[in-house]
1. Out of the stretch A:155-182, which residues are open to solvent by 40 Å² or more (accessible area, probe 1.4 Å), assigned to a helix (DSSP H, G or I) and more than 9 Å from chain B (Cβ to nearest Cβ)?
2. What do you reckon, is B:Ala30 at pLDDT below 95 and open to solvent by less than 10 Å² (accessible area, probe 1.4 Å)?
3. Which condition does B:Gln252 not pass, out of (1) within 16 Å of DNA strand C (Cβ to nearest atom); (2) farther than 30 Å from A:Glu180 by Cβ, if it passes all the others?
4. Six or more apart or on different chains, Cβ under 9 Å: which pairs go from a residue in the stretch A:271-299 that's more than 14 Å from chain B (Cβ to nearest Cβ) to one that's away from DNA strand D (no atom under 13 Å from the Cβ) and small (Gly, Ala, Ser)? Could you list them?
5. Which one of B:Ala217, B:Ala259 is more than 16 Å from DNA strand D (Cβ to nearest atom) and within 20 Å of the chain's Cα centre (by Cα)?
6. Which one of the conditions (1) outside any loop (DSSP other than H, G, I, E, B); (2) within 16 Å of DNA strand D (Cβ to nearest atom) does B:Tyr236 fail to meet, given that it meets all the rest?
7. Would you check which residues across the stretch A:198-233 are part of a helix (DSSP H, G or I), touching a Ser or Thr at 6+ places or on another chain (Cβ under 9 Å) and in contact (Cβ under 8 Å) with a residue 12 or more places away in the chain and list them?
8. Counting only residues that are modelled with pLDDT of 90 or more and within 20 Å of A:Arg164 (Cα to Cα), which one in the stretch B:274-317 is farthest from the chain's Cα centre (by Cα)?
Number of protein chains: 2
Amino acid sequence: MHDHAKGNRKGRAGRKANDVKADLIAVVVAVINRDPCVLTIGLEAVLPSGPFELAHRSLQSGVRVWVEQRTGQPLGYIEQLYTFADRDRIGADERAISISYLALTREEDATSSTRRCWGTWYDYFPWEDHRSGTPAMVGDVLRPRLFDWAHNAADSATRLERRRRAGVAFGFDDRAWNEELALQRYELLYEAGLVEEATRDHGSTALVSVPGRPMIADHRRILATGIARLRSKIKYRPVVFELMPPVFTLLQLQRTVEALAGRLINKPNFRRLVEQQELVEETGETSVETGGRPAKLYRFRHAVLDESIAAGTKLPLARG
Amino acid sequence: MHDHAKGNRKGRAGRKANDVKADLIAVVVAVINRDPCVLTIGLEAVLPSGPFELAHRSLQSGVRVWVEQRTGQPLGYIEQLYTFADRDRIGADERAISISYLALTREEDATSSTRRCWGTWYDYFPWEDHRSGTPAMVGDVLRPRLFDWAHNAADSATRLERRRRAGVAFGFDDRAWNEELALQRYELLYEAGLVEEATRDHGSTALVSVPGRPMIADHRRILATGIARLRSKIKYRPVVFELMPPVFTLLQLQRTVEALAGRLINKPNFRRLVEQQELVEETGETSVETGGRPAKLYRFRHAVLDESIAAGTKLPLARG
DNA sequence: ACCCCTTATAATCACATGGAATATAATCGG
DNA sequence: CCGATTATATTCCATGTGATTATAAGGGGT
């Protein structure tokens, strides 16, 4: 019965011509000192990755193996991001597929390791951090460069469309900033030739790139995919707690969410939402390390993992 | 520079041992006569699929090629669902990866074809259609069978947990029905050994299966993934219009959404939401084929595809 | 001891959202 | 001309959520 399943109808036995190499690649996230950090290896900006092998029980376990082996970082929560055929190898006789994953951990969980390197993801995407208001570079650099790009379009139709896309993505023209559009923003900058990867891939238009550290190959795009997914997911699933220590104050929890979202949250509303959803329970202890009045310590109610599959764990992200 | 990218460190050149076969598999959806239908080939319940080949420009174009070649159905909207390593081939020296896609079309777009076969997806998931109230089988069959399964757990902890998971997924114990949990429901039934695929895969517990047509291999699980994704997506992206004819009445639009969601929507609220989001515009014409007062005809405002990336196109799904 | 600064916790207001019910309009068939 | 049927418009009300203000509890300096 299984023999028909997904079989290649024209001669499947022994046919290897179309077989591909499958790479696993991970966006490993932790929040360190109020900064959202991503795990890279070596000195260059390289995400941990490795080939999917026969020995791996599953794709997920393959990701765990590679990341732990190369960085000493054990992974907790893992979720698949996206699968794509590598652009830069198209045309060759060998073909590769990359299967990307998002992983959430805490820095302290790591064993001693050599090549591990945590860096805030706002080094790669400086325009994404709006916790202290809209970064100056958005108005000073991105806006004029993107409007130039729109203006230089061939016909007026694409001029208008580029202008609108830029406005939606970056909140120009009195539009609201939407933190979930991290991927669209990066892809727009790539399309406009304003990031190093674009000029590197095509070689053609050698414009001066916009601020923001590039990564190897298409890793920055994969990272943007992970950021966008995480920013979307924290609004309806209690995944933040994967990034928290076992015990924490509500403000620490809020700062973590703010680090990921890149924007500030209204404090009373945040508390109300967390409490009324019964996401946490008091430990009974308090923490004096906060500076002012001692803060109650909380722990995550793991029971909600069963319940909230249905519920929808929303988080109130401020508008202005 | 590209040479380092995602390279297998231990000898990548010419190493083919870990190469895999990559299959593309599609969940092609259309709504026909108020029924949500999925495209299958042949007489058996088989989703269209084919191997990813060197000739394909991208994964997406590979999906288009295979579906069109095997069913004559041109695809409009396409979106990646999930990638997984086939369970049933693990252990063999050959390994396969399946990359699944969700596609939305209209039946009329098809050219004449032989093996094409549209069937309502509620044939495969009869417990998912709540448009005429909760199906009798949920209370009469699923509930007792699932509670039996929970009761037969080894320890009391898993007994409780199984019971709660069943309650959340199917809305037992005064919980609300959540149409988006289609995948969880199928996986729960699989785990409980209540669908044919479970007994087929393991051979062990030969329980009498629950109503609902099985599919080949894990195709029913892929279909459930597609249904869940679509039911979730129609709430915040205007993808319904991919399934509509160029011109339609608001009630036709509502019936389409209801078919997908498997539940009824409050009519005035639906109209209000669609109109205030400016998703559609009047054509000026009316349709008399509706029986009563002539209905205004509308067409989709394609401009919102640029705008609503940010907006969030919600749809009001009734609670009771 | 007192004041002030800081942070935590609580209570309240105002508005938008969205579910539900009701009222009115237009066509068809007897 | 009447009633059945469907479309369209209006209103009501509970809830959710953003925002503001008030109160509590600690530390540190004078």
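1. Going residue by residue through the stretch A:155-182, those that are open to solvent by 40 Å² or more (accessible area, probe 1.4 Å) are A:155-165, A:173-176, A:180.
Restricting the remaining residues to those that are assigned to a helix (DSSP H, G or I) gives A:156-165, A:180.
Result: A:Ser156, A:Ala157, A:Thr158, A:Arg159, A:Leu160, A:Arg162, A:Arg163.
2. Values: at pLDDT below 95: no; open to solvent by less than 10 Å² (accessible area, probe 1.4 Å): yes.
No.
3. Condition (1) is where B:Gln252 drops out.
4. Close Cβ pairs satisfying both conditions: A:Gln277/A:Ser308; A:Glu278/A:Ala303; A:Leu279/A:Ser308; A:Lys296/A:Gly284; A:Leu297/A:Gly284.
5. Numbers: B:Ala259 fails: more than 16 Å from DNA strand D (Cβ to nearest atom).
Of B:Ala217, B:Ala259, the one residue that is more than 16 Å from DNA strand D (Cβ to nearest atom) and within 20 Å of the chain's Cα centre (by Cα) is B:Ala217.
6. (1)
7. In the first step, residues of the stretch A:198-233 are kept if they are part of a helix (DSSP H, G or I); the result is A:198-202, A:219-233.
Next cut, touching a Ser or Thr at 6+ places or on another chain (Cβ under 9 Å) only: A:198-199, A:219, A:222, A:225-226.
Hits for the stretch A:198-233 are A:His219, A:Ile222, A:Thr225, A:Gly226.
8. So, considering only residues that are modelled with pLDDT of 90 or more and within 20 Å of A:Arg164 (Cα to Cα), the one farthest from the chain's Cα centre (by Cα) is B:Val280.
The values are calculated or read from the model by the stated rules, or taken from the named source; none is laboratory data. All figures in this text were calculated on a predicted structure; none of them were measured in a lab. Note that each Cβ is placed from the backbone with ideal geometry, even for glycine, and that neighbours are counted across all protein chains shown. Side chains are part of the model used for accessible areas, which takes the heavy atoms of the whole protein and leaves out ligands, DNA and RNA. Shrake-Rupley method; radii C 1.70, N 1.55, O 1.52, S 1.80 Å.
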